[in-house]
Amino acid sequence: MKRLKLVIRTVYIFTFCVILQLPAKAQKYDPLVYMDSVEFSLLTCSPHEEVYSLYGHTALRYRDLHQGKEADFVFNWGVFNFNAPHFVARFVFGLTDYELEMAPFSVFCKYYQHWGSSVTEQVLNLTAEEKLTLNVALEENYQPENRVYRYNYFYDNCSTRPRDIIERSISGKVVYEARNDYKPSFREMIHEKTRHHDWAKFGNDLLLGLKADFKTTREEQEFLPDNLLYDFDHAVIQGSDGNYRPLVKERRMPVQPGVQSITPDFFCSPTACFTFLFVAALLIAAVEMKRQKTFPVWDAVLMLCLGLAGCVLFVMIFSQHPTTSLNLQLLLLNPVHLFYIPSVLKRRAKKYKWLLLAMVCLYLLGGLIQHYAEGWLILALCLLTRIGIHIKNEK
């Protein structure tokens, strides 16, 4: 089966490469005539329930109206190999490589039909010269040495790549409609897409730092396919002659929304988990007050969790993801806790007690300017409870 798929893909690639050469061969005196039968479209795919698809997807369609299905392809900049060596580590450090893949339009649509996602098509209002320029750019980008690119979640992804190659191919410039009432941060846009997935939102908020709370520009907002679709719908092309024309001449929906199977999240939300932790902390504190002694094992468990989470955040400082380097959650979630576990187990927690108090206070202050992961205030209260118990029992 894998060999058959490889053969089919090779045939499609060969066919497309031949088609790319047709303007020069079939129309020796005017290659632009051939472009009159070619359409380029921006494809926007709605999200489905897999975590990696919660933000939607964007691709570019090449369609020759004379050739039909034999010359109907999708250029997809969102392909990656999860089985590549050290994939997770490379993703954490912002070193993930994505690849441009070409696939038949029918195959592309069937994939999203399977997941119940819709596909919206915006046919671009390009001149023959602009189509030819875009054609050549795609051919060059699909060369083996150019297909792979260094993926960046916010600034260089499957949505920004087709936008950029389209803009570079236009003779003149694209003029976008200003959205003065829409100035979200990266975090707010991500929250909108993960509103039904509490743990995905929690993980994002844990890793994203202060920079994710800054207001974004239109270009930055277009990392989301839905925002790019909206902007293209309201954009015009200012030609080199000074005249204006709509960027999109026609809008279609080749794949209608279908029925999606919703995969339930973990039954307990982050807030519920932290509330359970706080209740447990209060119960243990009540027992400790009654016995007038502390339970160092409980402190060590909390310190281990804080320290391990801090190791992850500390590593993200060195990531090439631009919004993870300055994360104020490191004021509390940091590896320092791990170094004090032996002394706490030996009931020598005096220094750590005051250090933890300073961490919690700074952490609470940082929460005034950065949005923390869900349940952060409950966690702070839980740790303040531990500090209070240590202070009381040491008297």
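The values are calculated or read from the model by the stated rules, or taken from the named source; none is laboratory data. Just so we're clear, the structure is a prediction, and the values are computed from it rather than from any experiment. Note: ideal-geometry Cβ built from the backbone for every residue, glycine included; neighbour counts use all protein chains shown. With ligands, DNA and RNA removed, areas are computed over all heavy atoms of the protein, side chains included. Shrake-Rupley method; radii C 1.70, N 1.55, O 1.52, S 1.80 Å.
All but one of (1) crowded, with 17+ Cβ neighbours inside 10 Å; (2) small (Gly, Ala, Ser); (3) within 24 Å of Val33 (Cβ to Cβ) hold for Ala137; state the number of the condition that does not hold.
Failing condition for Ala137: (1).
Does region 290-312 hold any residues that are touching a residue at least 60 places away in the same chain (Cβ under 8 Å) and β-branched (Val, Ile, Thr), and which are they?
Thr294, Val312
Give me a count of the residues in region 156-165 that are open to solvent by 30 Å² or more (accessible area, probe 1.4 Å) and within 13 Å of Asn76 (Cβ to Cβ).
Result for region 156-165: 1.
Give the residue, chosen from Leu210, Leu224, that is under 22 Å from Asn327 (Cα atoms) and modelled with pLDDT of 95 or more.
The conditions single out Leu210.
Mind checking whether some residue in region 224-235 is under 30 Å from Gln329 (Cβ atoms) and aliphatic (A, V, I, L, M)?
yes
Which members of region 203-257 meet the condition of being of a type in the set (Phe, Trp, Tyr), outside any loop (DSSP other than H, G, I, E, B) and buried (at least 21 other Cβ atoms within 10 Å of the Cβ)?
Phe232
Does Tyr153 fit the bill of being buried (at least 16 other Cβ atoms within 10 Å of the Cβ), among the hydroxyl-bearing types (Ser, Thr, Tyr) and at pLDDT below 95?
yes
Determine whether region 263-280 contains at least one residue that is over 22 Å from Tyr182 (Cα atoms), open to solvent by 50 Å² or more (accessible area, probe 1.4 Å) and among the small types (Gly, Ala, Ser).
no
For residues that are in contact with a Ser or Thr (Cβ under 9 Å, 6 or more places away or on another chain) and of a type in the set (A, V, I, L, M, F, W, C), scanning just region 312-324, find the one that is most open to solvent (accessible area, probe 1.4 Å).
Phe318
Can you name the residue in region 240-274 that is out of contact with any helix residue (DSSP H, G or I) (no Cβ under 6 Å at 6 or more places or on another chain) and of a type in the set (S, T, N, Q) and is also nearest to Pro47 (Cα to Cα) among such residues?
Selected residue: Gln260.
What are the residues in region 325-345 that are in contact (Cβ under 8 Å) with a residue 40 or more places away in the chain, of a type outside the set (Gly, Ala, Ser) and surrounded by fewer than 17 Cβ atoms within 10 Å (Cβ to Cβ), if any?
Passing the criteria: Leu326, Leu345.
When both residues are 6+ apart or on different chains and their Cβ atoms are under 8 Å apart, which pairs have a first residue that lies in region 103-125 and is farther than 23 Å from Val174 by Cα, and a second that is open to solvent by less than 60 Å² (accessible area, probe 1.4 Å) and assigned to a helix (DSSP H, G or I)?
These pairs meet every condition: Trp115/Ser53; Ser117/Ser53; Ser118/Tyr112; Val119/Phe108; Val119/Cys109; Val119/Tyr112.
Working only within region 106-134, note down all residues that are assigned to a helix (DSSP H, G or I), within 24 Å of Tyr230 (Cα to Cα) and not basic (Lys, Arg).
Within region 106-134, Phe108, Cys109, Tyr111, Tyr112, Gln113, Trp115, Glu130, Leu134 meet the criteria.
Tell me the residue from Arg386, Arg348 that is more than 34 Å from the chain's Cα centre (by Cα) and crowded, with 16+ Cβ neighbours inside 10 Å, please.
Result: Arg386 is the single residue among Arg386, Arg348 that is more than 34 Å from the chain's Cα centre (by Cα) and crowded, with 16+ Cβ neighbours inside 10 Å.
Residues checked against (1) part of a strand (DSSP E or B); (2) more than 15 Å from Val123 (Cα to Cα); (3) at pLDDT below 85:
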position	(1), (2), (3)
Thr58	yes, no, no
Tyr62	yes, no, no
Glu70	no, yes, yes
Val74	yes, no, no
Trp77	yes, yes, no
Ala84	no, yes, yes
Val88	no, yes, yes
Phe91	no, yes, yes
